[in-house]
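Worksheet for the structure shown next.
The values are calculated or read from the model by the stated rules, or taken from the named source; none is laboratory data. None of the values given here were measured: they were computed from a predicted structure. Positions of Cβ are generated from backbone atoms using ideal geometry, with glycine treated the same way; all protein chains shown enter the neighbour counts. Heads up: the accessible areas ignore ligands, DNA and RNA and are worked out on the full protein's heavy atoms, side chains in. Shrake-Rupley method; radii C 1.70, N 1.55, O 1.52, S 1.80 Å.
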Amino acid sequence: MSFLIPNPRLILPARRLALPSSRSTSPRQLLHGAATASATLSSPPSNTVASGVPSSEILSIRDSLLSRRRTASDIAGEYLDRLHMVEPQIRSFLHVSESAMKEAEEVDRMVAAGRELPLLAGVLVGVKDNICTVDMPSTGGSKILKGYRPAFDATAVRRLREAGAIVVGKTNLDEFGMGSSTEGSGFQVTANPWDLSRVPGGSSGGSAAAVSARQCVVSLGSDTGGSVRQPASFCGVVGMKPTYGRVSRFGLMAYASSLDVIGCFGSSIADVAILLNVISGHDRLDSTSSKRDVPDFANELVSLNNLDSKPLKGLKVGLIRETIGEGVDAGVVSAVQAAASHLEHLGCVLNEISLPSFSLGLPAYYILASSEASSNLSRYDGVRYGNQVGNGELSSIYGHSRANGFGDEVKMRILMGTYALSAGYYDAYYKRAQQVRTLIQKCFRDAMNDNDILISPAAPSAAYKIGEKTNNPLAMYAGDIMTVNVNLAGLPALVVPCGFVDGGPAGLPVGLQIIAAAFCEDTLLRVGHIFEQTLQNCRSVPPLYGAN
């Protein structure tokens, strides 16, 4: 049942995790009962192919704490040492917590006292810097918010802390989430751990790079048009964009409010499932958050030992024809087609389908997102929010503060959005884009009536060179073609590593995007988990990590 991906690279030592398939098991019981091998964080990755499959770092940490083989202080110390060791090369963090070790020591005191450990005790989590944290700066990657410290935690962060997680730091991003390479940060450019001369993707490039380089266990990002999924593909990690409304947006700095979603990064499907369980659910502070019950995502995952020969028998999979044609790199197409063949091998019924509205998504997205941004970012004026520049007349303060605080990309999108909303152009641009959005939603609804999941590449290419597209914004925007339609439709999507293309010192990872109907994250995670377990050599780590 195993399937060999092309060009296998560095593989971590095998660590097997038996995840119960019983739906009656609670997450806490699941974690207390998890049996993992004793491989530690300090174990160097082998340069040879191993037979292991991706396993849960979260459950491994928890098992180590409960068995008292290791302390939370030791685990946190190793992650922090690695973070500081590679940070000068990766530059994934804008701020690193000063209290992480103290929080780890508190976990050790809980263990010593025999107290029940919270779900994420001792787990170091990176948080994208457009998600508010009360104890660290939250800048949105913009100089206009340099030094800003919110008076509250975002709901997703609060839920992480309540589950025992240690927020290790704030990760870099394109300013206010507007970008696809993290080159648009107001502070620094993040590098891809697979090749330091290449971008990690964006806008959540810092969160993806931090997980890829093992600077933290898991991380939070935000996804407005692909900002979790594209970096996950570029950095060779798992990335989840939930259904719009599944996770509260309270405390997320608004870019495009009808599209923004907080998502998750991890090195395995199991870790992403556990993280998503923690942050999901209704929040009275966000009127757009759903009141639907949150499934136990972790208990949807079946261990490799319990799989039959065709674990996905009968699952209908639609390969989106428009995503494997002109404009998509041949190596990416090959990797995705190989992944599709593997799904067939697992019992899926594969069909190539067409989404006629697919090409309309990109222009509609940029009109709608820019229009919403022009409204949302009006609050950053040096008076209500943001660093004030100049004095005198109020209009002068507004102008100087925004001119000095915003970067070029943000200014351009504000201008585009204001133009699209202006009198005489509203019907031609904004209204028409909303009509296209409705058409896209209908196309996806029709496709999901005939298929259980849809698949495509997560990006038309692997990671490209830093600076390669900075002077060609249209080429940069075109890279979002695979992902923006999902945001316009409000659907959940998962990206899982599926292969490599040539490039860099050890190849460049490629991600498979899996799309499901609204609020069917459990289906995505179940399929993704089986896919990653049965795809041999998919447990890849970047050479940067292997060198340290």
Excluding residues fewer than 8 places away in the same chain, name every one of the lysines whose C-alpha is closer than 29 Å to that of Lys102.
Lys128, Lys146, Lys170
Selection from Val501, Gln89, Thr470 lying farthest towards where the dipole of the chain points positive, charges on Cβ:
Gln89
At most 13 other C-beta atoms within 10 Å and a DSSP loop state: those are the exposed GluC sites (Glu not before Pro) I care about. Give me the longest piece of the chain that has none.
117-325
Enumerate the lysines that Lys442 could reach by cross-link, defined here as Cα to Cα under 28 Å, with residues fewer than 8 away along the same chain left out.
Lys241, Lys291, Lys313, Lys316, Lys431
Kindly sort Arg70, Arg109 by accessible area of their heavy atoms, largest first, with the probe set to 1.4 Å.
Arg109, Arg70
Only helices at least 24 Å long along their axis, Cα-based, and averaging -0.5 or more on Kyte-Doolittle count here, so list those DSSP H runs from the chain.
72-90
Ignoring ligands and nucleic acids, Thr470 exposes an accessible area, probe 1.4 Å, in Å² to the nearest 10, of 70 Å²
Asn387 versus Arg432, label points 7 Å from Cα toward the beta carbon: distance in nm?
4.0 nm
Express the accessible area of segment 426-468 per residue in Å², computed with a 1.4 Å probe while the remaining protein chains stay in the model.
50 Å²
Report the accessible area of His345, computed with a 1.4 Å probe over the heavy atoms of all protein chains in place, in Å² rounded to the nearest 10.
80 Å²
Take every DSSP beta bridge whose two residues both sit in the chain, then give the antiparallel share in percent to the nearest 5.
65 percent
Modelling each spin label as a point 7 Å along the Cα-to-Cβ direction, I'd like the Glu105/Ser422 distance in nm, to one decimal.
5.9 nm
Among segment 138-170, those whose backbone N falls under 19 Å of a label point 7 Å along Cα→Cβ from Ser396 are none
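Take the alpha carbon gyration tensor of segment 45-154, find the square roots of its eigenvalues, order them as a ≥ b ≥ c, and report rounded if a/c is under 1.5; if not, report prolate when a/b exceeds b/c, else oblate. Working shown, then result.
Details: a/c = 2.29, a/b = 1.34, b/c = 1.71.
In terms of gyration-tensor shape, oblate.
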Report the gain in length on full extension from Arg445 to Val96: 0.36 nm times residue separation, minus Cα-Cα distance, nm rounded to one decimal.
121.4 nm
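Which loop trypsin sites (Lys or Arg not before Pro) in segment 202-287, with loop taken from DSSP, have no more than 14 other Cβ atoms within 10 angstrom of their Cβ? Provide the component values of the computation, followed by the final result.
Working: sites: Arg214, Arg229, Arg246, Arg249, Arg284; in loops: Arg214, Arg246, Arg249, Arg284.
Answer in residue order: Arg284.
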Accessible area of Ile324 in the full protein assembly, 1.4 Å probe (Å², nearest 10)
30 Å²
Chymotrypsin sites (Phe, Trp or Tyr not before Pro) in segment 116-180 lying in a DSSP loop, each with at most 14 other Cβ atoms within 10 Å of its Cβ, come to Phe152
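Over segment 304-416, calculate the relative contact order: mean separation of alpha carbon pairs under 8 Å at least 6 apart, over the residue count, as a percent. Mind showing how you got there, number by number?
Values: 96 pairs, mean separation 26.9, N = 113.
Relative contact order comes out at 24 percent.
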Using a simple spin-label model with points 7 Å from Cα along the Cα→Cβ vector, what separation in nm is obtained for Asp329 and Met412?
2.2 nm
Taking a straight Cα-to-Cα line shorter than 12 Å from Lys411, and setting aside same-chain aspartates and glutamates fewer than 8 residues away, one finds Glu175
Among (i) 315; (ii) 251; (iii) 135, the value of volume of the Cα convex hull per residue in Å³ computed for this structure carries the label (iii)
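What length, rounded to one decimal in nm, is gained on full extension from Arg69 through to Ser303, with 0.36 nm per residue of separation minus their alpha-carbon distance?
Details: separation 234, 0.36 × 234 = 84.24 nm, distance 2.40 nm.
The span from Arg69 to Ser303 would gain 81.8 nm if fully extended.
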Checked segment 184-239 with the C-alpha gyration tensor, a ≥ b ≥ c its square-rooted eigenvalues, rounded below a/c of 1.5, otherwise prolate if a/b is larger than b/c and oblate if not; verdict rounded
Once you sort the root eigenvalues of the Cα gyration tensor of segment 425-548 as a ≥ b ≥ c, which label holds: rounded (a/c under 1.5), prolate (a/b larger than b/c) or oblate (the other case)?
oblate
I need to check one value: relative contact order of segment 210-311, counting alpha carbon pairs closer than 8 Å and at least 6 residues apart, in percent.
27 percent
